[in-house]
Amino acid sequence: YAGGDWDDSQYQLFYPDSDGIIPITEDEYFNDDIVNKFEEFISFAFGSEYLEENLKYISDAMGGGNPRNTIRNYFVNTFYSDHLKMYQKRPIYWLFDSGKKNGFKCLIYIHRYKADYLARIRTDYVHETQARYRTEEEASNNKLLSLSGNDKVKETKRNKDIKAKMEELHKYEEKIHHLADQMISLDMDDGVRSNYSKFSDVLSKI
């Protein structure tokens, strides 16, 4: 698909993501996150009976470890830099990125972009991620009350990380809210660089 009117009825075997917004998170918060969508494709392309074997093969090529964790870490930390290299810093996938703490990331495909996309990212994904963090923070706070020694040190570190993500995402939500209210349209004839710059405050830096 490369533009024009979107018609998901054209896809009969492997279905595209319903809203064209693919979250990338350090934990599995969404059914349509990038790791789940990746697994769906691998199952479709090579057979569901070989899924685990193929995930291990892919993970081993990346250095090994738990296959799903390795693949998730790749998407969170490395995928987008590889994409920028492949497309010579004129990406067809755009990464909405809250910052260094990896509080929130999601991909969109520019040819499916609509003026309401930022509002949908904010309400359907950013707000949901914030709710997840609040739940995790509360659980971590309660857990710390009963821990001691190394376990408490580890949980304290995790607690601080959750709080840092929450703070980062709070600031990001304000930025994306400001842009969402503007209902910005794209003109593909302007080129990737020009269009990308319209969202420079909320996209990963090129």
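The values are calculated or read from the model by the stated rules, or taken from the named source; none is laboratory data. Since we're looking at a predicted model, the values are computed, not measured. Cβ: placed from backbone, ideal geometry, glycine included. Neighbour counts: every protein chain shown. Surface areas here come from the heavy atoms of the whole protein model, side chains and all, with no ligands, DNA or RNA. Shrake-Rupley method; radii C 1.70, N 1.55, O 1.52, S 1.80 Å.
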inquiry  = How large is the accessible surface of THR135 in square angstrom, using a 1.4 angstrom probe and rounding to the nearest 10?
reply    = 90 Å²
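Where does each of 60-67, 171-178 land if you order them by average Cβ count within 10 Å, highest first? Don't jump to the answer; show the numbers that get you there.
Working: 60-67: 12.1, 171-178: 16.0.
Put in order of decreasing packing, that is 171-178, 60-67.
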note = Cα-based Rg then Dmax for segment 117-196, in Å, read 18.3, 60
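Can you give the extra length, in nm with one decimal, that the chain gains between LYS89 and PHE41 once fully stretched, where that is 0.36 nm per residue apart less the Cα-Cα distance?
Numbers: separation 48, 0.36 × 48 = 17.28 nm, distance 2.58 nm.
Here the segment from LYS89 to PHE41 would lengthen by 14.7 nm.
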query = Can you give the Rg and Dmax of the chain based on its C-alpha atoms, in angstrom?
reply = 18.7, 60
task = Report the residues of segment 27-62 in range of a label on VAL76: point 7 Å along Cα→C-beta, backbone N strictly under 18 Å from it.
result = 27-39, 59-60, 62
message = At 1.002 mPa s and 20 °C, plugging the Kirkwood radius over alpha-carbon pairs of segment 17-112 into Stokes-Einstein gives what diffusion coefficient in µm²/s?
response = 151 µm²/s
